[in-house]
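Colleague: Quick one: this structure, given as C-alpha cells, is what I'll be asking you about.
The values are calculated or read from the model by the stated rules, or taken from the named source; none is laboratory data. Quantities reported herein were computed from a predicted structural model and do not represent experimental measurements. Using ideal geometry, Cβ is built from the backbone for each residue, glycine included, and neighbour counts are taken over all protein chains shown.
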Amino acid sequence: MKIEIVGQPYQYISENSGDCGPDCAFLLTKQNEKYKEDAIARGAHSIITPSECWALFGLDRICVIGITGTNGKTTTASAMYSLLLDLGHKAAMQGTRGFFMNDAPVEGKTLTTPTVLNTYRHMAQAIAAGCEYFIMEVSSHAIEQERIAGITFGLKILTNITQDHLDYHESIEEYTRIKNLFFQDESKKLINRDEPKAEFNFKNAFTYSVENPSTYKIIAYSLNNGVSGILKHFEDHIPFVTSLHGFFNLYNITAAFAAVHIVTGESLEKIADALENFGGVSGRMEVVSESPLVIVDFAHTPDGMEQVLNALKEKEVLVVFGAGGDRDRTKRPLMGRVASVYAKKLYVTSDNPRFEDPDAIIEDILSGIDDKSNVYVDVNRRNAIAQAIKDRTGDEVILILGKGDETAQIIYDQYLPFDDRVVAKELLATLKEC
C-alpha cells in the first residue's frame with residue numbers, strides 16, 4: 001500500500017519494496033529492512049526512517065496515548081475514548097476493535113497495532129478530522145517488532161503483565177522484558193502500581209492502584225450493581241459510578257480516569273460525571289440474555305479467565321471455552337485449571353484452531369483439570385454452547401469465553417461465520433419454541 005504525500009520531491013511513501021519507483025520513497029522498518037536493496041534496485045526515490053516519516057506527516061500536532069498490557073487494553077482505550085468525546089474533545093482510537101474517529105467507525109478490525117505506515121496514516125486522518133488525541137493499543141509484538149518506531153507518545157499506560165503470547169516470546173521473562181521496554185524512556189507514563197512485574201523509568205511517571213500507594217488511589221469501592229468507588233488524588237477524593245462489572249474493570253476504569261486527567265487537565269469531578277455514560281465494550285462481559293443469564297467475554301488467558309470468573313464468584317457458573325491454535329500451548333492446561341477451580345461445570349470446545357488439531361488442543365486443556373467428572377467435551381463450539389444451555393438450571397450463569405465480539409471461527413486459513421452472541425441467542429430462541 002502506497003500513501004500519498006504532499007510537498008515532497010516524491011509522490012508516495014510505502015513499506016513495500018514492490019511499490020517503489022522514482023515517485024515513491026521506501027519507509028525502512030525493522031520488519032522490512034531485508035527488502036531495502038530490492039527497493040533501491042526498483043529505483044526508490046529515497047530511503048526514509050520512521051522518525052523522518054513522522055516529521056513529514058506533521059504528526060507532532062496530536063497527543064498520542066499508547067496502552068499496553070496483557071489484559072484491559074481495549075476496555076481502557078475505549079473508556080478513555082468515550083470520556084474524551086463526552087468532555088467535548090475530538091479523539092481517535094486504534095486497536096483490537098478497529099479504527100474510530102469522533103464517535104464513528106472508520107476501519108474494521110486488523111492487527112491490534114498495525115504497521116508503522118498504517119498507524120501514521122490513521123494519525124494523519126485523525127489530524128485532518130480535527131482530533132486532539134489519538135489512543136492506540138500497543139501489543140508486545142508491536143514493541144518487539146518496532147511497529148511503534150518514530151512515535152512521540154504524550155502518555156504511555158501499563159495495565160498489567162500476565163502470561164500470553166509465549167508462542168512468540170518463548171518465556172514469561174522475555175514477554176515481561178518486552179512489555180517493560182515500552183516504559184524505559186522519559187515520556188509521561190501511567191503505571192499500575194499493583195503490578196509486581198512492572199519496571200519503568202520513574203521520571204515523568206504517574207501511578208494508579210487499588211492496593212498500593214499511588215498518584216491515583218482507589219480508597220473505597222463497591223462491585224454491586226456495577227463498579228463504583230472513591231478515587232484519591234493528593235487531597236481530592238472523587239466518587240464515581242459506572243455500569244461495568246468485575247474487580248478487573250475497577251483497574252481499567254481507574255487507568256482511564258487518571259489518564260484523561262493527565263492529558264487534558266480537566267477536573268476530576270467532570271471526568272467522574274462523564275464516566276457514568278461509559279457502558280463498556282462489545283464482547284467484554286457482554287450480557288446477551290438476562291433470563292437465563294448468558295454472558296460472553298473475550299478472556300483467553302489464565303489470568304483473564306480468572307478475573308472474569310472471580311467477578312461471578314457468588315454465582316454458579318457453567319463455562320464454555322477453548323484455546324486458540326498455533327498459539328502458546330503452555331497456557332492451555334492453566335486455563336483448564338482456572339476454569340475447574342471457579343466453575344460448576346466446564347464445556348471444553350474449539351476456539352479458532354487454525355492449523356492445529358482441535359482435539360489435541362482440547363487434550364492440552366484437559367491435562368490441567370484433575371477432576372473431569374464435571375467436564376463436557378465437544379469439538380463443535382455450537383454444540384458445546386447448546387449443551388450448556390440445555391444443562392442450565394435455577395440461577396446458574398452461562399459464561400462463554402475466548403472470542404468476545406469476534407464474528408468468525410478460524411479453521412485452517414478459513415474464516416467461517418461464527419459469533420458466540422448470535423449463536424447463543426439462536427439457541428435460546430429455539431429452546432423457547434420447544
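Colleague: When residues of the stretch 2-54 are filtered for being touching a helix residue (DSSP H, G or I) at 6+ places or on another chain (Cβ under 6 Å) and aromatic (Phe, Trp, Tyr), how many remain?
Modeller: 2
Colleague: For the stretch 159-256, give me every one of the strands (runs of 3 or more DSSP E) that falls completely inside it and has 2 or more residues that are at positive phi and of a type in the set (S, T, N, Q).
Modeller: Strands (runs of 3 or more DSSP E) meeting the threshold: none at all.
Colleague: Can you give me the ranges of the strands (runs of 3 or more DSSP E) entirely in the stretch 1-108 with at least 1 residues that are over 24 Å from GLU144 (Cβ atoms) and small (Gly, Ala, Ser)?
Modeller: Numbers: elements: 2-4, 12-14, 24-27, 63-68, 91-95, 98-101, 104-107.
Because the criterion is at least 1 residues that are over 24 Å from GLU144 (Cβ atoms) and small (Gly, Ala, Ser), the strands (runs of 3 or more DSSP E) in the stretch 1-108 that meet it are 24-27, 91-95, 104-107.
Colleague: Turning to a different aspect of this structure: Under the condition of being under 24 Å from LYS313 (Cα atoms) and at pLDDT below 95, which residue from the stretch 404-427 is surrounded by the most Cβ atoms within 10 Å (Cβ to Cβ)?
Modeller: The selected residue is GLY404.
Colleague: Which of (1) touching a residue at least 24 places away in the same chain (Cβ under 8 Å); (2) surrounded by fewer than 19 Cβ atoms within 10 Å (Cβ to Cβ); (3) outside any loop (DSSP other than H, G, I, E, B) is the odd one out, the single condition GLU363 does not satisfy?
Modeller: Going through the list (1) touching a residue at least 24 places away in the same chain (Cβ under 8 Å); (2) surrounded by fewer than 19 Cβ atoms within 10 Å (Cβ to Cβ); (3) outside any loop (DSSP other than H, G, I, E, B), GLU363 breaks only (1).
Colleague: Can you tell me which of VAL288, VAL319 is at pLDDT 95 or above, touching a helix residue (DSSP H, G or I) at 6+ places or on another chain (Cβ under 8 Å), assigned to a strand (DSSP E or B) and closer than 18 Å to ASP420 by Cα? Before the answer, list the steps.
Modeller: Details: VAL288 fails: at pLDDT 95 or above.
After ruling out the rest, the residue left standing is VAL319.
Colleague: Now a separate question. Any chance the stretch 372-384 includes a residue that's in contact with a Lys or Arg (Cβ under 6 Å, 6 or more places away or on another chain), assigned by TED's automatic domain parsing to the domain that holds PRO353 and either surrounded by fewer than 20 Cβ atoms within 10 Å (Cβ to Cβ) or modelled with pLDDT under 95 (or both)?
Modeller: The answer is yes; a qualifying residue exists.
Colleague: May I pose another question? Going by the structure shown, is GLU4 at pLDDT below 95 and of a type outside the set (S, T, N, Q)? Spell out how you get there, then give the answer.
Modeller: On the way: at pLDDT below 95: yes; of a type outside the set (S, T, N, Q): yes.
The answer is yes for GLU4.
Colleague: Take the stretch 122-165 and flag every residue that is surrounded by fewer than 19 Cβ atoms within 10 Å (Cβ to Cβ), closer than 16 Å to GLY98 by Cβ and in contact (Cβ under 8 Å) with a residue 40 or more places away in the chain.
Modeller: none
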